[in-house]
Amino acid sequence: MYSSLNSKSQDVNGAARRPHTDHSFIPPCQAKCPLQMDIREYVDLAAQGKVMEALQVIRSGNPFPSICAHVCTHPCEEACRRTQVDSPVSIRALKRFAVEFGGDRMVLAEAETTRPEKVAIVGSGPGGLACAYYLRKLGYPVTIFEAHAEMGGMLRVGIPQYRLPRAVVDTEVQRLISMGAEIRTNTRVMSLDLLFDMGYKAVFVTIGAHQGLRMGIEGEESPGVLDGATLLREVNLGLKPSLGQRVVVVGGGNVAIDAARTALRLGIPSVDILYRRSRKEMPADETEIKEALEEGVNIQYLVAPVNIKRANGDLCVTCVRMELGEPDARGRRQPVPIEGSEFTMKVDTLVSAIGQAPQMPGGFGIRIGRGSTIQVDPLTLTTNRLGVFAGGDAVTGPATVVEALAAGRQAAHRIDDYLQHKYPRPVSTNQPVMTGELDQQTIELVRKIGRFEPLYLPVEDRTRDFKPVESVFDWESAVNEARRCLRCGVGAEILFQDKCASCLNCVRVCPYHVPYIDMAGTIIIPPDQCQACGICVAECPARAIVMRKPRERRHIADELDHIVKTAAQSKARPLLIGFLCQYGLFGTGTLAGLWRSGKAGIWIVPVLCTSKVEAHHMLRPFEMGVEGVFVAGCGEQCSRENTDHWVQQRIHKVRKLLAQIGIEPERLQAFVSDKNDGRRLREELERFTEQVSSLCLASILKQEVRN
Amino acid sequence: MIVAEAKNLTEIGKTIAPYGRILVLGCGTCVTVCGAGGEREVALLHDALRLMDMKAGNGKHVFLECTLKRQCDPEFLDVLEEKAANVDAVLSLGCGIGVQAVAERLPDLPVLPGVNTSFLGMAKEWGVWDERCAACGDCRLDETAGICPITRCTKGILNGPCAGTKNGRCEVSKEMDCAWVLIYQRLENMRQLETMRRYYPPRNFRAIPRPKRVLSKINAAGGGHE
Amino acid sequence: MSVSLFDEKLNSDAFLITTEIGPPKGTDTSEILHDIDMLKDKVDAINVTDHQSSVMRYPSIGGCLLVKERGGEPVLQMTCRDRNRLALQAELLFAYSRGVCNVLCLTGDSVDVGDHKEAKPVFDLDSVQLLRMARLLEGGTDMGGNELKGVPKFCLGSTVHPEADFVEPQLVKFDKKVAAGSQFFQTQGVFDPATLRRFMQYASQFNVKILAGIIVMASARMAKYMNDNVPGIIVPQAVIDELATAEKGKGLQKGIEIAARFIRSVKEENLAHGVHVMAVGNERIVPDILEAAEVSGIHA
């Protein structure tokens, strides 16, 4: 309050501590995501059971969430700081939960053409699709040229259907078509000049990296030797290549694993993978390796083929065993052959999956660099030809879907810059990124909750066909999993240092012992340790502490205002107002029944943890004329153990005031839900409702007697 | 630190009854620290008083809120010129010093106390406050192991414990330590028990005669008997 | 030279018996007079309590004058709770002038335990300072350093708490009281002969008389109540258990029996120089106790 009075000081510091400024940090998951998705936000919404809102957030940062929901390599999970406590949040599975429960399939995408400049996109992989999506959003007419009969690039021909069902890609392509993108399949672009002649003002080349690299060993040309990309493409396009009974796959990346698992699903009884380093160095996704092993793929580590011979209908593969030598410049230990360790395997098919490269038609006239990749300016994605942009695997070599999507989005914006003659500026943000490890003390005080995983198809059912292996989270697991998020970077801060009386309440009330006093005697709330519970905010007697995100600061007050307005409009007066933990109770639907079952007059203020309900929040509904107020927390499910303690403290304080005002203190109650018995809370609440009704009746009678 | 406690709303209700527009005035120093009169309490009291008005069926009061950095220094009170311009009374949540400072500043306005100033003390832990000093003007903590028997002994006696101590606790409260047991233990730890064995003569209870004044400048009028 | 009959007895080897009576709440002195008459010839001195437990009553000095009038030997109990140094000095001068020379110097119970909880506690002096102040008056000056016209002379006593659960600080204070001029000590109620014996070993180094405090209890419930509510009193479980064995309505009888037994052992085993019997509002039973203990306070 007094900051607004001391106008002199406000002029000096006002800008720095305007109460509506967002002081939150970018969480590490978001920082690591190529699309910079607001993961913390949608995970939080999922934790509240608000799937549609979660999907909205997801869609605002990702053109094809359903694709990422299935196959994203989730670098976010690697960055997740929850790992330091127990294990990372299952972010990708939560995204899939939001996509499926939030009704992503029903989302209509529309776009209007507002620009005359046509743009051609060569290649319909994730990069091309994303570029088309954003260009349409920007109002440009877009044509996608695809050499194959079906759209999707690697999404269609590279990723097996048990990981990414065909229908998912179809939906997204359909949506793109409905946005007005023109699709030209079976059209291999051989010359860019032609495209410019056709009137396209800019071209985005995103042809992927489909050409398998050669192993460089003798016999590589023998029949029965094929490359992984080819195998996956054929299978994905519906062919059924005959591979014999024994298949060996060479390589350690995701394509090798995909090829091996695909072979299993084609009915091959014996599938081996040869990898020249050890499991630790294997670049394939850990989950994929695990699933492959479960399904019966035999991975031989530290083995490399040196020679292939065809004899008597068999493919005789001579291999050598390796050992790991000194680390190279990139820190990877190089395999070194062990002399005299050669052995020979007899197989029917050898699949080489040691890497892929782009294969560029000569007529493009754009500069090629290392590994046949297209050379671009990393900021603008421009090639050596004016108006030609490139991105995706064709530029980076084989990479991930999410990186390609990010490249496509970047290309769309850079093409827009180019066509509008704007100086290409990178999107910069002043928001700092949350870095730093959790302190040991913080880790110890955070309640440990193991990671929830979605259900997987039983192993015996997997290899029969190409059915998706992973199923979507059920509602309760998803909510519980989402609640594990530590909400990095949105914690509390002492925003108004001039108000701070150094009372040390924050230091004393923090369940995680996060605030500390520095050598100068200043109280510091380190943002990288704060768990955003809001207890110090509610207990700060000077109201100097706020949450870093403006929306969280006003959340409860806004919800209350909303109720007041709604009540005024509907002319219905709420009888009871309850502050309900939005996470456990609403989220998992424990209490939903109570409100749906027609308990008229009970109005709910959803709160993100009851620890944030302050004393004056509890008092305010009485001024609106309600008969009773209650606070219902999620009890044992709470992220911390003492939330109820603080609720009780405030209830005690407000009850004292109520008694002094002449309102029965029993009209204010606190409840906690019982994890194992949802009914108990409902019964307690019903008792409370009855109690309040009888108090209400008693006071009416008293009034009448008095009159 | 000065420790204060919120007054009962009923009592406040009576004192503000004759006035219409009331400025609820918090203080950002001691009473903020002890949770009795900071910005949060000002807001809560404001809400509670409005509710009380509503309950009484007479919404005749209008409340304004303001919290100063410190009420007990005249310079901080300059903003009151504007803030208290159109009010009928000020309800100060400052300590007794604050109330008087505000009253001095606003000669024509009633200034009402919203808290009871309790003592000089410190937090034992969150939400628990203990008296530590009587501001007697004659500190002799060197003789009592840094533990003040004037404030921490219910009788304020100076030559050792009375016979009412039980289990190391005071005769008036099983929750409170006997100050003299604490003093003995501390002196024993420091091997300075002879300090306690010395006779402690009657105290000078008028070290600074009332009305008290402390001077740190020359040519000023002293207080009391000067 | 002795200042009083009691002072004289303190200097003899007699086993001393004292007791105490509480003045009335009001102006009716018939009861206290009855008690005085009943006790005056059975004990060596009668203490008159000074708003005991901070409950407002007829004043101690008034009670002492009544004892004097009836031919008894009074001990003026004087606490620091209600008077500042001016009033304390004045009252001592008055007491002496009316022949009340035995003074028991006490700190006094906290006002919080009494019936005027909102009173301002004075405690301008403590018991040690009070003792010194009385001795100072004997020297002819008051605390302000002013000369007195006419000088008093006192027989001063004080209290000690040998059964305190943390006795060391109590002993420090005991030493200070001895040094301040206390000639005799009435102990807080004691129940355990072993503790008393240990204390006497310590106290025997000083030239002071120790009177063991005897509290008579009427029931196990009362004992428990005193444990919980009366400052400083610690009744051992064994005593409570023994009280509990009493038949219904015979609790007081049991209490008298216990007290008498204890007095006998104090006398026979030389655990103290005498006893101070506190009947806690039940003064009428004091003669019964003394009879049961087969002791008498007349050592003319």
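The values are calculated or read from the model by the stated rules, or taken from the named source; none is laboratory data. The structure presented is a predicted model; accordingly, all values stated were derived computationally and were not measured. So basically every Cβ, Gly included, is an ideal-geometry build from the backbone, and we count neighbours across all protein chains shown.
Quick look at the numbers
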| quantity | calculated |
| --- | --- |
| Search result, residues across the range C:25-57 that are outside any helix (DSSP H, G or I) and in contact with a Leu (Cβ under 9 Å, 6 or more places away or on another chain) | C:Thr29, C:Lys42, C:Val43, C:Asp44, C:Ala45, C:Ile46, C:Asn47, C:Val48, C:Asp50 |
| Of the criteria (1) surrounded by 24 or more Cβ atoms within 10 Å (Cβ to Cβ); (2) in contact with a strand residue (DSSP E or B) (Cβ under 9 Å, 6 or more places away or on another chain); (3) under 20 Å from B:Ser173 (Cα atoms); (4) at the interface with another protein chain (Cβ under 7 Å from one of its Cβ atoms), which one C:Pro169 fails | (2) |
| Extreme residue, surrounded by the most Cβ atoms within 10 Å (Cβ to Cβ), among residues of the range A:475-507 that are within 13 Å of chain B (Cβ to nearest Cβ) and either over 23 Å from B:Lys69 (Cα atoms) or of a type in the set (Gly, Ala, Ser) (or both) | A:Ala501 |
| Matching helices (runs of 4 or more DSSP H) fully within the range B:43-155 where at least 3 residues are within 19 Å of B:Ala4 (Cβ to Cβ) and in contact (Cβ under 8 Å) with a residue 60 or more places away in the chain | B:96-105 |
| Selection within the range A:330-368 - free of Cβ contacts under 8 Å to residues at least 24 places away in the same chain and more than 33 Å from the chain's Cα centre (by Cα) | A:Gln334, A:Val336, A:Ile338, A:Glu339, A:Gly340, A:Ser341, A:Gly362, A:Arg367, A:Ile368 |
| Odd one out for A:Tyr516 among (1) away from chain B (no Cβ under 14 Å); (2) under 20 Å from A:Arg487 (Cα atoms); (3) at pLDDT 95 or above | (2) |
| Qualifying residue in the range A:521-540 (condition: over 22 Å from A:Arg483 (Cβ atoms), facing chain B (nearest Cβ under 10 Å) and outside any loop (DSSP other than H, G, I, E, B)) | yes |
| Unique residue being farther than 26 Å from C:Asn146 by Cβ, within 14 Å of another protein chain (Cβ to nearest Cβ), more than 13 Å from the chain's Cα centre (by Cα) and surrounded by fewer than 23 Cβ atoms within 10 Å (Cβ to Cβ) when the list is C:Asp41, C:Asp124, C:Asp112, C:Asp82 | C:Asp112 |
| Which listed residue is crowded, with 24+ Cβ neighbours inside 10 Å and not in a helix (DSSP H, G or I), from A:Ala260, A:Ala209 | A:Ala209 |
| Within the range A:121-153, tally of residues that are in a strand (DSSP E or B), more than 29 Å from the chain's Cα centre (by Cα) and within 23 Å of A:Gln211 (Cα to Cα) | 1 |
| Hits in the range C:85-109 - residues which are within 9 Å of chain B (Cβ to nearest Cβ) and either crowded, with 24+ Cβ neighbours inside 10 Å or under 21 Å from the mean Cα position of the chain (by Cα) (or both) | C:Leu106, C:Thr107, C:Gly108, C:Asp109 |
| Residues being on the phi < 0 side of the Ramachandran plot, in a loop (DSSP other than H, G, I, E, B) and surrounded by fewer than 16 Cβ atoms within 10 Å (Cβ to Cβ) - total across the range C:127-148 | 4 |
| Candidates B:Ile147, B:Ile157 - the one that is facing chain C (nearest Cβ under 7 Å) and among the β-branched types (Val, Ile, Thr) | B:Ile157 |
| Residues of the range B:127-140 satisfying the condition of being away from every other protein chain (no Cβ under 12 Å), in contact with a strand residue (DSSP E or B) (Cβ under 9 Å, 6 or more places away or on another chain) and farther than 17 Å from C:Val111 by Cβ | B:Asp130, B:Arg132, B:Cys133, B:Ala135, B:Cys139 |
| Members of the range B:160-209 that are of a type in the set (D, E, K, R), under 29 Å from the mean Cα position of the chain (by Cα) and either at the interface with chain C (Cβ under 7 Å from one of its Cβ atoms) or not in a loop (DSSP other than H, G, I, E, B) (or both) | B:Arg169, B:Glu171, B:Lys174, B:Glu175, B:Asp177, B:Arg186 |
| Checklist (1) touching a Leu at 6+ places or on another chain (Cβ under 9 Å); (2) more than 14 Å from every other protein chain (Cβ to nearest Cβ); (3) crowded, with 17+ Cβ neighbours inside 10 Å applied to C:Asn282, failing item | (3) |
| Among (1) surrounded by fewer than 17 Cβ atoms within 10 Å (Cβ to Cβ); (2) assigned to a helix (DSSP H, G or I), the one test that C:Val151 misses | (2) |
| Extreme residue, farthest from B:Leu112 (Cα to Cα), among residues of the range B:81-93 that are aliphatic (A, V, I, L, M) and at pLDDT below 95 | B:Ala85 |
| Search result, residues across the range A:332-358 that are modelled with pLDDT under 90 and either in a loop (DSSP other than H, G, I, E, B) or basic (Lys, Arg) (or both) | A:Arg332, A:Arg333 |
| A:Val168 vs. criteria crowded, with 19+ Cβ neighbours inside 10 Å, within 26 Å of A:Pro468 (Cβ to Cβ), in contact with a helix residue (DSSP H, G or I) (Cβ under 8 Å, 6 or more places away or on another chain) and in the same structural domain as A:Val401 (by TED's automatic domain parsing) | yes |
| Residue match in the range A:161-182 (condition: more than 28 Å from the chain's Cα centre (by Cα) and over 26 Å from A:Gly103 (Cα atoms)) | no |
